[in-house]
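The values are calculated or read from the model by the stated rules, or taken from the named source; none is laboratory data. In this text the structure is predicted, and so the values were computed from the model without any measurement. Here Cβ is always computed from backbone atoms with ideal geometry, including for glycine, and neighbour counts include all displayed protein chains. Areas reflect the complete protein model, heavy atoms only, side chains present, ligands, DNA and RNA absent. Shrake-Rupley method; radii C 1.70, N 1.55, O 1.52, S 1.80 Å.
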Amino acid sequence: MTQPSCDRNLRLWVSLCGLFGSLRGTLVTRNSRPNIVLLMADDLGIGDLCCYGNNTVSTPNIDRLAREGVMLTQHLAAASMCTPSRAAFLTGRYPIRSGMASAFNMHRGLVWLGGSGGLPTNETTFAKLLQDRGYRTGLIGAHRGATDAQTGSDGLDSLFFALPLVPVLLLIPTCARWFVVPWGLVLVIALLVLLFFLGWYSSYGFVRRWNCVLMRNHDIVQQPVREERVSSLLLREALAFVRRNTGGPFLLFVSFLHVHTPLITKEKFLGRSKYGRYGDNVEEMDWMVGKVLEVLDQEGLANHTLVYFTSDHGGSLEAQARGVQLGGWNGVYKGGKGMGGWEGGIRVPGIFRWPAALEAGRVIDEPTSLMDIYPTLSYVAGGILPVDRVIDGQNLMPLLEGRARHSNHEFLFHYCGVYLHTVRWHQKDCGTVWKVHYVTPNFSPAGAGACYARGICSCTGDVTYHDPPLLFDISRDPSESQPLSPDNEALFDSVVQKIEDAVHGHRRTLAPAPQQLSVFNSLWKPWLQPCCGNFPLCGCDKEDDMEAGV
């Protein structure tokens, strides 16, 4: 599907990233640069996996990773929404530093492929670090926030785009005092143009046709995506990438469409789980993870490949249809996707397997972050971190290898958009993890555990500000059900003051950054819209039927 010459920056509708590998049959040592396979689910709840306590959903392949590797129980996303979380994952930096955090309750992620926002070009992703170390890199799967939205569109229909200008042009004779065009005529024509666009929008469905696109690098493969085939195409590409790069080193980032709605699932998995479409989708994703592990075994790469599995944030509690839950389960943790700092929205699976270096079956209950992947990959690849910017992630290898007892994170800051909602303090001398909430979203209807009435919780406006802040001891109360106070916690005031001092120090490290999720950047721009065929009737399918064999 992709020529070998393109492997260095291969992207099948997102991007791929690659790291580390030794030649088959060579002696594996700790100093060997590993291949790296990153597996990221979308909207997966930490309570959806057997290895994290679910005994009713079948996830044998992810459970195998946990048995053969190291499992993190306090692994945290930098944000509870897709776009900022993934930006932090790629850069090792809080999304507010790169402008990938929104000041609005809407536009908290990139909505349009034809938008102008995205990860700034002056940010350095871990893929670039590893390319500089000789890695083949690839990203396959769901795409959020790349700078490739600048892909041009072909065959623009000038008449189509001239229509909105007609009411404006009718004002020219009046403004130039040539003759007066009745305002009624201008309004009627403006109304007709509006009705035309609304009619076309509702009948043609351009949201799906323009936004659901399968791309390889900058080339459109399918538009719109054929849902029943997309998982097979992505999996086939991932397996082919591994087979092409057995000489290593490579970094492969597989970003699953699972388990985000609309829960696209192959027919053979429908009805297999106890939890309807969502459970079926989880089990299909686990099967795909198994196929990736299988190709590593077949090619003799498993022992010297670092495999990492996670989710971009917690499950979406508001994802429902006719009373049926379409989102994930976050276990004992309160809240979910889009809910600022509540644990259910930011605590995610974190599993590392590298048989040549990591002891199998270890469990680590220390605060770690998706941002830690950046310095960790740089370390194992022998790279050097950028020194011209703040890197918020920490190298996890001493912790994963058992050389360190505690995480290097003392404070972690949990934002909702650009608003700091929550801070976590890891008190290393005693192992306590304190957590304060300055802001929490208002659940609706009253008494609910999510924002069902709104569809997603707000970062500002419909929220509650806490002064003094809510304080929890996460090490004893992970479900955040027992808020502490000066009456029942003697250290309340000193803990709150310690965290407030850390917040002041953190804010001094922030520098202004262009807002990538501003209203203007979020607006659809026809000249940036990826399109194959004649715009606006974009459409193509350049893939042969590849279902067989996957």
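Worth pointing out:
- Filter pass, Y415 being open to solvent by 50 Å² or more (accessible area, probe 1.4 Å), under 30 Å from G115 (Cβ atoms), in contact (Cβ under 8 Å) with a residue 40 or more places away in the chain and touching a strand residue (DSSP E or B) at 6+ places or on another chain (Cβ under 8 Å): no
Quick grid of which residues meet (1) surrounded by fewer than 22 Cβ atoms within 10 Å (Cβ to Cβ); (2) aliphatic (A, V, I, L, M); (3) over 28 Å from P355 (Cα atoms):
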residue: G290; (1), (2), (3): yes, no, no
residue: E294; (1), (2), (3): yes, no, no
residue: T310; (1), (2), (3): no, no, no
residue: H313; (1), (2), (3): no, no, no
residue: Q320; (1), (2), (3): yes, no, yes
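- Test: residue in segment 389-397 that is open to solvent by 10 Å² or more (accessible area, probe 1.4 Å) and β-branched (V, I, T): yes
- Within segment 505-525, tally of residues that are touching a Leu at 6+ places or on another chain (Cβ under 8 Å) and open to solvent by 20 Å² or more (accessible area, probe 1.4 Å): 1
- Test: residue in segment 486-495 that is of a type in the set (A, V, I, L, M, F, W, C), closer than 30 Å to L317 by Cα and open to solvent by 10 Å² or more (accessible area, probe 1.4 Å): no
- One residue alone among L301, L252 is touching a helix residue (DSSP H, G or I) at 6+ places or on another chain (Cβ under 6 Å) and within 23 Å of P34 (Cα to Cα), and that residue is L252.
- Unique residue being more than 20 Å from A87 (Cα to Cα), in contact (Cβ under 8 Å) with a residue 60 or more places away in the chain, open to solvent by 10 Å² or more (accessible area, probe 1.4 Å) and over 18 Å from the mean Cα position of the chain (by Cα) when the list is G402, G382: G382
- Scan of segment 296-308 for residues that are part of a loop (DSSP other than H, G, I, E, B) and open to solvent by 10 Å² or more (accessible area, probe 1.4 Å), ordered by number: E299, G300
- Candidate set: segment 322-346, residues that are open to solvent by 10 Å² or more (accessible area, probe 1.4 Å) and not in a loop (DSSP other than H, G, I, E, B); chosen: the one farthest from L39 (Cα to Cα): V324
- Here segment 453-469 is the region considered, the condition is being crowded, with 16+ Cβ neighbours inside 10 Å and of a type in the set (S, T, Y), and the residue that is farthest from the chain's Cα centre (by Cα) is T460.
- Close pairs (9 angstrom Cβ cut-off, 6 or more residues apart or separate chains): over 10 Å from M285 (Cβ atoms) and of a type in the set (V, I, T) in segment 245-271, open to solvent by 50 Å² or more (accessible area, probe 1.4 Å) and assigned to a loop (DSSP other than H, G, I, E, B) anywhere: T246/L23; T246/R24; I264/L257
- Unmet requirement for W527, which otherwise passes all of (1) touching a residue at least 24 places away in the same chain (Cβ under 8 Å); (2) within 25 Å of the chain's Cα centre (by Cα): (2)
- Within segment 348-379, being open to solvent by 10 Å² or more (accessible area, probe 1.4 Å), touching a residue at least 60 places away in the same chain (Cβ under 8 Å), not in a loop (DSSP other than H, G, I, E, B) and not β-branched (V, I, T) holds for one residue alone: R362.
Results for (1) open to solvent by less than 30 Å² (accessible area, probe 1.4 Å); (2) among the aliphatic types (A, V, I, L, M); (3) on the phi > 0 side of the Ramachandran plot, shown as yes or no for each residue.
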position	(1), (2), (3)
G449	no, no, no
L471	yes, yes, no
D477	yes, no, no
I499	yes, yes, no
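- Selection from segment 386-433 of residues that are at pLDDT 95 or above, within 17 Å of S475 (Cα to Cα) and of a type in the set (D, E): E410
- Where strands (runs of 3 or more DSSP E) sit wholly within segment 135-248, none has at least 3 residues that are modelled with pLDDT under 70 and over 30 Å from L263 (Cβ atoms).
- Of residues in segment 27-56 being open to solvent by 10 Å² or more (accessible area, probe 1.4 Å) and among the β-branched types (V, I, T), the one nearest to the chain's Cα centre (by Cα): T56
- Qualifying residue in segment 279-290 (condition: at negative phi and in a strand (DSSP E or B)): no
- For segment 263-278, taking the residues that are open to solvent by 10 Å² or more (accessible area, probe 1.4 Å) and not in a loop (DSSP other than H, G, I, E, B), the one that is nearest to A78 (Cα to Cα) is identified as Y278.
- Test set (1) modelled with pLDDT under 50; (2) among the basic types (K, R); (3) surrounded by fewer than 24 Cβ atoms within 10 Å (Cβ to Cβ) - R67 fails condition number: (1)
- V37 being farther than 23 Å from G315 by Cβ and at pLDDT below 95: no
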